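**Student:** Below you will find the structure I want to go over with you.
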Amino acid sequence: MTNAYMTMSGAEATPAELGAKRIRWGLGLFIFGLVIGYGPWLHYMHGALAEVHPAFLKNVTLWFGCPWTLATYVAQLGGLSMVVIGLCYLAFVREGAMASISGTERIAPALCAGGILAEFVCGFPGQFAVEIVWPDFYYTPIEAGKWTWLGLQGICIAIYVIGVMCAYGGIKRASHVVASRAHAAR
């Protein structure tokens, strides 16, 4: 482990800068999620104009009311959780409990942001791409189309989760430092 990591430009950055980066990316992705939230809203406004087959109506839930809801929520919640992770990093750095970062922590912000953006691509415009192969797969439903589309989204969310798990390692390590200091102070 080192106390700095290499940025995209080749310069070294500290754990505090890594935390700040997560906060910036997280807030940006949260705002992105709010903006793409208009997609489901427009879909609901369009509502009754799309043909809905009886098989769809038997299995409809709020989530299935719009195909892009998952992509929107992943961007919003994923962005906010990146902010929380960044704040944890900054708090632990301030306490002097996070003087170093591991190699996996270096790639964690990119994995999280990449997973969120890939989820958007697979979930939002990806629905239209899957529609080319299986027309009307979402409303009919056509199982092969749904499995393909949802499977791609699941992979994207897994990429995000791996990034969170990488960051969790550093947070866990720093929390043990704080806990051991508190225990020693008693």
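**Student:** Just rank 81, 102, fewest to most, by other beta-carbon atoms within 10 angstrom.
**Tutor:** The order, fewest Cβ neighbours first, is 102, 81.
**Student:** Still on this structure: Need the full-extension length gain, residue 136 to residue 110, defined as separation in residues times 0.36 nm minus the C-alpha distance. One decimal, nm.
**Tutor:** Taking residue 136 through residue 110 to full extension adds about 6.0 nm, to one decimal.
**Student:** Neighbouring Cβ atoms within 10 Å as the yardstick, rank 72, 148 fewest first.
**Tutor:** By the 10 Å Cβ count, ascending: 148, 72.
**Student:** What does the C-alpha gyration tensor say about the overall shape of segment 13-185? Classify as rounded when a/c is under 1.5, otherwise prolate if a/b is larger than b/c, or oblate.
**Tutor:** Taking the square roots of the gyration eigenvalues as a ≥ b ≥ c, segment 13-185 is prolate.
**Student:** Along the positive direction of the dipole of segment 13-185 (beta-carbon charges: Lys, Arg +1; Asp, Glu -1; about the Cα centre), which of 158, 99, 41 reaches farthest?
**Tutor:** Value: 99.
**Student:** While we're looking at this one, here's another question. Got a sec? How would 101, 171, 31 order by Cβ neighbour count within 10 Å, fewest to most?
**Tutor:** With the fewest neighbours first, 101, 171, 31 line up as 31, 171, 101.
**Student:** Please compute the net charge surrounding residue 109, taking Lys and Arg as +1 and Asp and Glu as -1 over other residues with Cβ under 12 Å from its Cβ.
**Tutor:** Net local charge, residue 109 excluded: +2.
**Student:** Assuming R0 = 35 Å, can you tell me the calculated FRET efficiency for the pair residue 144 and residue 91, based on Cβ-Cβ distance, to the nearest 0.05?
**Tutor:** Between residue 144 and residue 91 the formula returns 0.15.
**Student:** Quick one: Kirkwood hydrodynamic radius for segment 62-141, alpha-carbon pairs, angstrom, one decimal?
**Tutor:** Mean inverse Cα-Cα distance, inverted, gives 15.0 Å.
Coordinate-derived values only; no laboratory data. Values in this document were obtained by computation on a predicted structure and should not be read as measured data. Cβ: placed from backbone, ideal geometry, glycine included. Neighbour counts: every protein chain shown.
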